[in-house]
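Beneath this line is the structure, given in structure tokens, with notes to follow.
The values are calculated or read from the model by the stated rules, or taken from the named source; none is laboratory data. Bear in mind the structure is a predicted one, so any value in this text is a computation, not a measurement. Here the Cβ positions follow ideal geometry from the backbone for every residue, glycine too, while neighbour counts run over all protein chains shown. Just the protein is used for accessible areas: all its heavy atoms, side chains included, with ligands, DNA and RNA removed. Shrake-Rupley method; radii C 1.70, N 1.55, O 1.52, S 1.80 Å.
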There are 2 protein chains.
Amino acid sequence: MAKKAEKIKIIPLGGLSEIGRNMTAFEYKDDIIIIDCGLSFPEDDMLGIDIVIPDITYLIKNKDKVKGIVLTHGHEDHIGALPYVLKKLNVPVYGTRLTLGLVEIKIKEHKLSDIQLQKVDVGQMVQLGEFEVEFIRTSHSMPDSCAIALHTSLGVIFHTGDFKIDYTPIDGQVIDLHRIAELGKKGVLVMMADSTNVERPGYTMSESNVGATFENIFRNAENRIIVATFASNVHRVQQVLDAAYNYDRKVVVSGRSMVNVIAVAQDLGVLNVPEGLIIDVNDMDQYDDNRITILTTGSQGEPMAALSRMASSEHRKLNIQQGDLVVFSSSPIPGNEKSITRVINQLFEKGAEVIYESFEDVHVSGHACQEELKLMHRLVKPKYFIPVHGEYKHLKQHAKLAESLGMPKENIFIGQNGTVFEFGSDYGKINGSVQSGKILVDGLGVGDVGNIVLRDRKHLAEDGLMVVVVTIAKENGKIAAGLDIISRGFVYVRESEDLIDEARKVVKSVLDGCEQQNIREWSLLKSSIRDSLKDFLYEKTKRRPMILPVIMEV
Amino acid sequence: MAKKAEKIKIIPLGGLSEIGRNMTAFEYKDDIIIIDCGLSFPEDDMLGIDIVIPDITYLIKNKDKVKGIVLTHGHEDHIGALPYVLKKLNVPVYGTRLTLGLVEIKIKEHKLSDIQLQKVDVGQMVQLGEFEVEFIRTSHSMPDSCAIALHTSLGVIFHTGDFKIDYTPIDGQVIDLHRIAELGKKGVLVMMADSTNVERPGYTMSESNVGATFENIFRNAENRIIVATFASNVHRVQQVLDAAYNYDRKVVVSGRSMVNVIAVAQDLGVLNVPEGLIIDVNDMDQYDDNRITILTTGSQGEPMAALSRMASSEHRKLNIQQGDLVVFSSSPIPGNEKSITRVINQLFEKGAEVIYESFEDVHVSGHACQEELKLMHRLVKPKYFIPVHGEYKHLKQHAKLAESLGMPKENIFIGQNGTVFEFGSDYGKINGSVQSGKILVDGLGVGDVGNIVLRDRKHLAEDGLMVVVVTIAKENGKIAAGLDIISRGFVYVRESEDLIDEARKVVKSVLDGCEQQNIREWSLLKSSIRDSLKDFLYEKTKRRPMILPVIMEV
């Protein structure tokens, strides 16, 4: 039995008040385990940033306690930060078949070695220090997705992972409602549950519905069919393959991640690919258009993805033809609407027909809507509840949903990343916080771009820059005649020669003024140049380019 | 009667294959008239740009022909480019009451003089050269909106403007279906119709529906109510005022455009404001929270708008309080989703309740859905049809809709901005194109930012820059020791001193190499520095900052 004073700490390092970057630490006695290790994609104001990962300072400080990382499933927002985290914290990683298959691709890409991957089957228990970790099957837009139950001597913590409730999943592997019910009956101390779709009433449709739509589309199509979807949505991919097979079409696979995931999923037996169904793009010419399906990445309008390159005629091997039927089997992730629309417009302009969300049921979500969330709450009936995986508005709505089911308000905890949620057998509270934050990855740099660099990028992006180089004679300290002005991203230089000439005069008169007043301090000289030019340029153009004075002693 | 050889040219200069920037020229014999003169907001890749306006080169070239600008209504995408266009082409501007009221605000802001504004009533005819211009009442999300019928001796051209069909408009001024039917019966040569909502099946709800929702909200609210909407949606504003009045609340108006539009609309008698209903923000303290309504701008999450400043605690006079009820009476314009969500999250974090699109009927569109478009097509039954006001996908869907009503495919014309649509009494065709394009406005500069400047801004935004200054002795041409490297937006300089030191060495060795090979040509020197640094930095960081070598002869 747990002693009265014992407590468990739950510390989300990502995924609260944001979509993505899911990562939570659980600390009990001298052990820490981690559920998920995701990335997020940069916000609009994070110029030039590739991805964003959690700050794991707290884990590094407690390195010796960390027993392992447990993965719920293989989406980027759950595994994407692994390569970066494992470089600093090489602990065993536990996950199901497909999840680890996708992790392996990452590990290869990052050329990591000595990584300890431990495959787990659903239903299995793994002992990690004081935690007994149980993997429970759920439904989601990716096979082999799991909820996690952490059994401790203080009680059970149940983390839903990303989930929906699909009574007719493609692979027949239904969410393990029995086990969840059993846990609920025995008593769950804390539940953490996916809040992504908490704003949507009703139920999420079954993945099988999409298959019915595909059937219709494939039955009637007379030309090539191009289907764009997430590579990781293996069930969706399976349904495209099935429809192609049923209607005697070959499948060309396009896009690096699509090729990779299909290979891994097929290897692991998660994806069933009939012999000869998938053909090489170079063999496409051997078939009539009505015998071709192209399965591609780019459903979010990502500029470098295969579909976008086809749409803008930048794909080396695939062109959009008059009459092609393009299906966006996806829903726009907030922020991607305009990119997707751009691609759709380009496809229409090239004479393709395009089916997207507004018109047919070519996509279903992977996340539970309100009624499914209620079922989960009713089955698990936890003592305490932490809504996770969502922006603040989602967490708030999820808290309300729990209240509407009769949960006492004081048993529901909304926190931030870094918040320490502390639970004893008979209490729950927020108890301070640990260091957390967004680590920006730009190229090879992890964390070397921060607010100052971003602020400069933003400034440069808005109004460009003007570099002013002035030379000063070393021997007598006299300000030499040398003066050069260069601008980029500010105005068309050729059409603005007068403006640059005038700017030169402004700098000249500042230098003359400094000479007369015998000002020799460079920092003063620089700030005088900056201030005068700034005012001059703003008056003339109502713009504020970055002004970079450089003084060279010669 | 028109002679056989006579023809009319319709030349859209904005609004085709895009949302916004609506402007179309109509040319018949020696006269040109223009319908609308709108702006659009910059795309994501137009860094630092404030607004985008049409290229009017064609009109300038034919200056003497232009008889006037006719406005359908007062939205920015229909009048926003006027101040810029009138500076180059000062022709009379025709519009209804509120439309011109809003134009006057712009003219004052731009300090224009000698502008000829001609107020027109709905139902009125205006003779502009060879065109008889008829203003016909429609419904839209702004009072005094019109369709335009251009009567020529060749036939009638009917332009719907932005419209919906609202049988129960707030001001009781129903769209003039009788006149439209009459025109249709007599025969319309060409129709141009709004395509904005062509993807949506069914009917757009009446503006009155929103009033019913407001009633509910106001009846039950116990604290302050904050309603965000477009200032120009005067009917919506009226409904907020009505609800406040009915439930004994005072109204505080917040945001410059909200204040301006309410003043103009009240002046013109378009808005009915009971005496004493609107109070000054400074008098707010005299009332209990349940007697206050705040009517504000910011429904699109615009960072500088009043609501956004309240949400981020940057508003001088208004703070969000625990229990405030904030209503977004609006729907996100594509591209604004994330900004809006950011504001919603901030409001929730401050303890406000927030009602937005997902939950209640607090907004209806101002544009016709499919069934309304069908009614318009059936009433007007034009010989030729040009879908307008939409991205390519909308134009395409609208063409399909017209076909589904039995219109021959060859009588439907989809073009681009600049396309010359030519019609005779018995033919229609696309006949070449005129200069058109996007003129970018940045601060005071109109058209001085183009592709090169934008490309540089993008480059700077992604990876920042590195300035390398090298001095060369004038007398002997010897490359002097002077070398300075400055970077911005690239890496944290303090944490990357080693990298900068190494970069310095790379430049040094380039200079030494040039010295040895006796290379004195500056352009060569510059490109050598640029290439070597580029490779070095990419290898070290996988980033490509802009590299600006400056050589100073001293």
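Structural remarks
- For B:ILE115, the requirement of being of a type in the set (Val, Ile, Thr) and either crowded, with 23+ Cβ neighbours inside 10 Å or within 21 Å of the chain's Cα centre (by Cα) (or both) is not met.
- Residue match in region B:448-459 (condition: over 44 Å from the mean Cα position of the chain (by Cα), open to solvent by 10 Å² or more (accessible area, probe 1.4 Å) and modelled with pLDDT of 90 or more): no
- Within this structure, A:GLY129 passes the test of being open to solvent by 10 Å² or more (accessible area, probe 1.4 Å) and in contact with a Lys or Arg (Cβ under 6 Å, 6 or more places away or on another chain).
- Lone unmet requirement of (1) within 30 Å of A:GLY20 (Cβ to Cβ); (2) in contact with an Asp or Glu (Cβ under 6 Å, 6 or more places away or on another chain); (3) away from chain B (no Cβ under 14 Å) for A:GLY298: (2)
- Scope region B:485-514; condition charged (D, E, K, R) and more than 9 Å from every other protein chain (Cβ to nearest Cβ); matching residues: B:ARG494, B:GLU497, B:ASP498, B:ASP501, B:GLU502, B:ARG504, B:LYS505, B:LYS508, B:ASP512
- Residue list for region A:240-252, filter: in a helix (DSSP H, G or I) and open to solvent by 20 Å² or more (accessible area, probe 1.4 Å): A:ASP242, A:TYR245, A:ASN246
- Region B:450-474: number of residues that are within 7 Å of chain A (Cβ to nearest Cβ) and either in a loop (DSSP other than H, G, I, E, B) or charged (D, E, K, R) (or both): 6
- None of B:ILE157, B:ILE165, B:ILE136, B:ILE180 is at negative phi and either out of contact with any helix residue (DSSP H, G or I) (no Cβ under 8 Å at 6 or more places or on another chain) or open to solvent by 20 Å² or more (accessible area, probe 1.4 Å) (or both) except B:ILE157.
- Selection from region A:253-273 of residues that are in a helix (DSSP H, G or I) and either farther than 17 Å from A:LEU100 by Cβ or not acidic (Asp, Glu) (or both): A:ARG256, A:SER257, A:MET258, A:VAL259, A:ASN260, A:VAL261, A:ILE262, A:ALA263, A:VAL264, A:ALA265, A:GLN266
- Filter result (touching a residue at least 40 places away in the same chain (Cβ under 8 Å), aliphatic (A, V, I, L, M) and either within 14 Å of chain B (Cβ to nearest Cβ) or closer than 14 Å to A:ILE148 by Cβ (or both)) within region A:35-70: A:ILE35, A:MET46, A:LEU47, A:ILE49, A:ILE51, A:VAL70
- Residue match in region B:5-23 (condition: in a strand (DSSP E or B) and acidic (Asp, Glu)): yes
- Condition met for A:GLY48 (modelled with pLDDT of 95 or more and assigned to a loop (DSSP other than H, G, I, E, B)): no
- The lone exception for B:ILE105 - which of (1) assigned to a loop (DSSP other than H, G, I, E, B); (2) out of contact with any Cys (no Cβ under 8 Å at 6 or more places or on another chain); (3) open to solvent by 10 Å² or more (accessible area, probe 1.4 Å) it fails: (1)
- Picking from residues in region A:435-447 that are touching a residue at least 40 places away in the same chain (Cβ under 8 Å) and open to solvent by 30 Å² or more (accessible area, probe 1.4 Å), the one that is nearest to the other protein chains (Cβ to nearest Cβ) is A:VAL446.
- Hits in region A:201-224 (condition: charged (D, E, K, R), in contact with a helix residue (DSSP H, G or I) (Cβ under 8 Å, 6 or more places away or on another chain) and open to solvent by 60 Å² or more (accessible area, probe 1.4 Å)): A:GLU222
- Residue selected from region B:498-552 under the condition in contact (Cβ under 8 Å) with a residue 60 or more places away in the chain and among the basic types (Lys, Arg), by the criterion farthest from B:VAL453 (Cα to Cα): B:ARG543
- Odd one out for B:MET304, checked against (1) open to solvent by less than 50 Å² (accessible area, probe 1.4 Å); (2) at pLDDT below 95: (1)
- Residue identified as exposed (fewer than 15 other Cβ atoms within 10 Å of the Cβ) and in contact (Cβ under 8 Å) with a residue 40 or more places away in the chain among B:GLY276, B:GLY323: B:GLY323
- Sole exception among (1) open to solvent by 10 Å² or more (accessible area, probe 1.4 Å); (2) not assigned by TED's automatic domain parsing to the domain that holds B:VAL326 for B:VAL198, by number: (1)
- Residue that is nearest to B:GLN127 (Cα to Cα) [pool: residues in region B:57-102 that are of a type in the set (Gly, Ala, Ser) and crowded, with 22+ Cβ neighbours inside 10 Å]: B:GLY95
- Against the numbered list (1) over 18 Å from the mean Cα position of the chain (by Cα); (2) over 22 Å from B:MET191 (Cβ atoms); (3) open to solvent by 10 Å² or more (accessible area, probe 1.4 Å), B:THR152 comes up short only at (2).
- Of the helices (runs of 4 or more DSSP H) lying entirely inside region B:332-410, those carrying at least 3 residues that are facing another protein chain (nearest Cβ under 9 Å) and surrounded by 16 or more Cβ atoms within 10 Å (Cβ to Cβ) are B:337-349, B:392-404.
- All of B:PRO42, B:PRO54 fail the test of being open to solvent by 10 Å² or more (accessible area, probe 1.4 Å) and either in contact with a Lys or Arg (Cβ under 9 Å, 6 or more places away or on another chain) or not charged (D, E, K, R) (or both), apart from B:PRO42.
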